[in-house]
Ligand code: SF4
């Protein structure tokens, strides 16, 4: 396995373990269940590491279920066509213009109900669940980064802020690793900045390059 993918698998393990801890302590306050898709509607930014992971997941799906993979690509391409005219960035690259002073306002008003192309509209399940972005892995329970956290509006209904805070689990261990992998992924893909799931899935990303991964040694086996 490529060093970047090995490290990404490590990142996913850390994030999924933290999410599992938060789910366990949150218990009945969580409303998440298969088929609940509110968080799959409305666009959100993803990193270039997320984009590479999603694309790899799509390639794997194409090997096991080509029809399903083809449907994902169709939905992604339709989404890119639909979203490009108002995209708050460069629709040719799919990169958000985050340094634009008007970016926040444009993003807030942008595609708030658009379905994720990885969402199977019939089953209400994610076709790329194992390759989903970090934001999808952590949304719902209170996962704390840099001293702050948010919860899904469908969860913790009626809970006090203290009850929510008692269930918070730190994600800080993952933060530095995610930043490092995102920088490596941006170098690998020659794309700098955040993007959307639709752009990641509609376009071919460059394959892993040994030259660009030379600064990343594989992570320890046991971690
Ligand atoms: S995070 Fe919210 S919208 Fe998403 S599955 Fe959980 S309850 Fe549903």
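Determine the calculated [θ] at 222 nm for the chain from helices alone, applying -39500 (n - 2.57) to every DSSP H run no shorter than 4 residues and normalising by the residue count; nearest 500 deg cm²/dmol.
-14000 deg cm²/dmol
Obtain the nm distance between the two label points defined at residue 25 and residue 104 by a simple spin-label model: each point lies 7 Å from its Cα along the Cα-to-C-beta direction.
For the pair residue 25/residue 104, the computed spacing is 3.0 nm.
Which length gain, in nm to one decimal place, applies between residue 9 and residue 113 when the Cα-Cα distance is subtracted from 0.36 nm times their residue separation?
34.4 nm
If you take the beta carbon distance between residue 41 and residue 17 as r and set R0 to 30 Å, what does 1/(1 + (r/R0)^6) give as a FRET efficiency, to the nearest 0.05?
Rounded to the nearest 0.05, the efficiency is 0.65.
Using just the Cα positions, wrap the stretch 1-102 in a convex hull and report its mean projected area in square nanometres, one decimal place.
9.5 nm²
Between residue 129 and residue 153, what is the label-point separation in nm under the 7 Å Cα-to-beta-carbon projection?
2.6 nm
With springs connecting C-alpha atoms under 10 Å apart, model the chain as a Gaussian network and identify which of 158, 140, 124 has the largest mean-square fluctuation.
Looking only at 158, 140, 124, the biggest GNM fluctuation is shown by 158.
Looking at the chain from every direction and averaging, what is the projected area of its Cα convex hull in nm²?
One quarter of the hull surface, i.e. the mean projection, equals 13.2 nm².
Please report the spacing between the Cα centers of the stretch 67-109 and the stretch 135-169 in Å, no decimals.
28 Å
Between residue 97 and residue 33, what length in nm is gained on full extension when 0.36 nm per residue of separation is reduced by their alpha carbon distance?
Working it through step by step, the gained length comes to 19.6 nm.
Here, each number is a calculation from the coordinates, and none is a lab measurement. Please read all numbers here as calculations on a predicted model, not as lab measurements. Every residue, glycine as well, gets a Cβ built from its backbone with ideal geometry; the counts of neighbours run over all protein chains shown.
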